[in-house]
Amino acid sequence: MNALTTMMLLPILGTLLLAVIPSDQVLRIKQAALATTLLVAISGVLTWFNFNAADTSYQFVQSVEWIPSFGINYAVGVDGLSLVLILMSVLLAPIVVLAGWKESEGGRWSVKVFYMLILVLETMMIGVFAATDVFLFYVIFEAMLIPVYFLIGGYGSGDRAAAAVKFLLYSLFGGLLMLASIIGLYVISGANGGHTFDINKLSELHNYMSPTTQNLLFLGFFIAFAIKAPLWPLHTWLPDAASSATPGTSVLLLGVLDKVGTFGMIRFCLTLFPDASKTFTPIIITLAVISIIYGAFLAIGATDIKRLIAYTSISHFGFITMGIFAMTTQGHSGATLYMFNHGFSTAALFIVAGWMAARRGSSTIADFGGLQRVTPVMAWSFFIAGMSSLALPGLSSFVSEFLVLVGTFTRYPVAAVIATFGIVLAALYILIPVQKALHGPTTPGNENLPDLNLREKIAIAPVMAIIIALGFYPSPLLNVINPASAHVLEVQGFTDPIPTEGAGK
């Protein structure tokens with residue numbers, strides 16, 4: 001069976017297994033969910049090792065007729081970009097299950113339902129990055145909302161129902177705009193060779209579109225992806241969702257699902273509408289820079305640790321979007337690497353912050369004073385995750401952020417210089433809460449908080465290892481990302497700026 005289809009089926013089989021386990025056998029349910037996600041992760045790693053980085057075409061391709069009367073197929077395949085994001089997704093899933101061993105308890109529904117939702121969501125996470133049929137992508141893109149909605153609304157905290165509804169409404173609005181653009185593409189394809197949803201064939205249609213048509217169809221896709229990413233000013237659903245969701249759900253939401261937005265900008269906006277992408281690039285670069293600075297200022301003023309992490313992600317997604325629309329190979333490679341690295345740095349922050357909040361009974365930053373003396377392993381884990389988030393040299397995010405800034409500077413130097421100010425702000429929004437939460441006098445009530453147990457140490461260890469390893473040696477990922485990034489730009493006619501410094505000497 002096709003490797004991608006196998007990866008997508010394994011979580012479904014795990015879901016069916018959970019369905020037959022009695023609801024009162026909580027430990028068996030958790031063990032079955034963990035075993036399933038580990039099996040999927042192993043499958044993903046094997047697919048990674050069998051991928052030919054030098055081949056820039058789609059690999060592990062499978063296409064089966066789904067609705068032939070409309071030219072709709074179940075069609076999957078991966079290039080370097082999508083494979084990196086699938087690997088990130090399948091590696092994070094077992095970490096989320098193990099780290100949040102108890103967060104499924106006490107929800108509106110049973111523990112079984114929680115893990116069934118997680119496994120269904122994992123299938124969709126793989127499918128949305130692997131789909132090469134635009135209609136299939138859209139179906140999965142929208143279907144992902146269902147398990148996330150129930151995970152936030154059923155197992156979150158605070159005003160979880162309102163947060164879940166807000167997330168759903170924003171996402172549905174973007175999805176409807178994208179659907180309108182997909183229908184437009186379908187109609188145009190019918191007049192130019194036959195109706196199809198195949199991305200390879202649709203990528204040739206821009207030659208037959210008027211500039212106005214291409215711009216309108218581009219906006220339908222881009223707004224949907226800007227909401228998902230999220231990009232200012234379409235970001236307001238994120239802080240509420242992240243602060244209300246369980247830590248594990250927040251990891252999947254910000255670490256994986258939001259990457260669908262930035263992934264879609266590359267896969268669909270640039271590929272299907274290259275001319276419109278050039279037209280809107282100055283506006284999008286401006287929005288990205290605003291996101292970087294605005295998200296950083298919000299994070300500096302945050303008093304709730306979950307909201308702080310959400311605000312930092314708004315800033316980070318600004319960097320990713322800026323790298324994508326810089327239209328340079330360095331910017332593209334840095335943006336894709338940033339997606340992967342952000343997934344793990346955000347996972348570490350949310351997981352450790354969740355443990356801190358569960359122990360303290362509060363998510364207010366001021367309540368965590370002096371944790372370094374009381375819970376040193378947990379405190380150091382949060383510190384390393386925070387340093388990665390601010391792109392400290394030697395940790396994974398530095399390499400990707402550096403590539404984004406260099407790639408942007410060669411074409412948009414003013415935007416790159418302003419965005420660099422976001423790094424200064426990052427030091428503030430990370431170091432200030434680190435100082436308040438980990439150092440200083442021990443806040444009353446923290447004296448007897450337990451440090452990480454063995455399960456928690458096992459869960460956070462691979463995340464820390466990836467953050468440190470990729471900080472010193474990012475080549476395994478870049479060797480796969482670089483050819484794919486260069487190919488995307490080359491096929492669509494984008495070229496790197498020619499250096500002018502020293503010309504004529």
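The values are calculated or read from the model by the stated rules, or taken from the named source; none is laboratory data. Please read all numbers here as calculations on a predicted model, not as lab measurements. With ideal geometry, Cβ positions are generated from the backbone for all residues, glycine too; neighbour counts draw on all protein chains shown. Heads up: the accessible areas ignore ligands, DNA and RNA and are worked out on the full protein's heavy atoms, side chains in. Shrake-Rupley method; radii C 1.70, N 1.55, O 1.52, S 1.80 Å.
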Query - Equivalent ellipsoid, the range 168-278 (semi-axes from 5 times Cα gyration tensor eigenvalues, Å) - result: 30, 13, 12
**Report entry** Mean separation of Cα contacts under 8 Å, 6 or more apart, over the residue count of the range 218-295: relative contact order %
**Finding:** 44 percent
Query - For the range 195-223 and the range 279-325, distance of Cα centres in Å - result: 28 Å
Query - Phi to ³J(HN,Hα) by Karplus 6.51 cos²θ - 1.76 cosθ + 1.60 over the range 25-31, Hz, x for Gly, Pro - result: 8, 4, 4, 5, 4, 5, 5
Query raised in the report: Hey, rough spin-label estimate for Ile42 and Lys102, points 7 angstrom out along Cα→Cβ, what's it come to in nanometres?
Result: 3.0 nm
Query - Under 14 Å between alpha carbons - lysine pairs in the chain that sit 8 or more apart or on different chains - result: 5
Query - Cα-based shape type of the chain, given that a ≥ b ≥ c are square roots of the gyration tensor eigenvalues and the cut on a/c is 1.5 - result: oblate
Report summary line: Sorted by chain and then number, the residues having a modelled amide H within less than 5 Å of the amide H of Trp66, at least 5 places away or on another chain, are Ile72, Asn73, Tyr74
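Helix-only mean residue ellipticity at 222 nm, the chain, DSSP H runs n ≥ 4 weighted -39,500 (n - 2.57), per residue, nearest 500. What is it? Don't skip to the end; give the middle numbers.
Values: 21 runs with 351 residues, N = 505.
Taken over the chain, the calculation gives -23000 deg cm²/dmol.
How much length is gained if the chain between Ile498 and Val424 is pulled fully straight, taking 0.36 nm per residue apart and subtracting their Cα-Cα distance, in nm to one decimal?
The span from Ile498 to Val424 would gain 23.7 nm if fully extended.
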**Report entry** Per-residue ³J(HN,Hα) for the range 485-493, Karplus 6.51 cos²θ - 1.76 cosθ + 1.60, θ = phi - 60°, Hz, x for Gly and Pro
**Finding:** 5, 4, 5, 4, 5, 5, 4, 8, x
Requested in this report: Measure out, as a whole number of angstrom, how far apart the alpha-carbon centroids of the range 137-182 and the range 61-97 sit.
Outcome: 20 Å
Requested in this report: Report the FRET efficiency, 1/(1 + (r/R0)^6), for Asn52 and Ala358, where r is their Cβ-Cβ distance and R0 is 60 Å, rounded to 0.05.
Outcome: 0.85
Report task. Compute the distance in nm between two label points, each set 7 Å from the Cα along the Cα-to-Cβ direction, one at Thr6 and one at Glu204. Result -> 3.3 nm
Requested in this report: May I ask you to give the percent of accessible area on the chain that is carbon plus sulfur, with a probe radius of 1.4 Å?
Outcome: 68 percent
Report summary line: For the range 1-112, dividing by residue count, accessible area per residue (probe 1.4 Å) in Å² works out to 45 Å²
Query raised in the report: For the range 454-459, in order, what is each residue's ³J(HN,Hα) by Karplus, 6.51 cos²θ - 1.76 cosθ + 1.60 with θ = phi - 60°, in whole Hz (x at glycine and Pro)?
Result: 4, 4, 5, 5, 5, 5
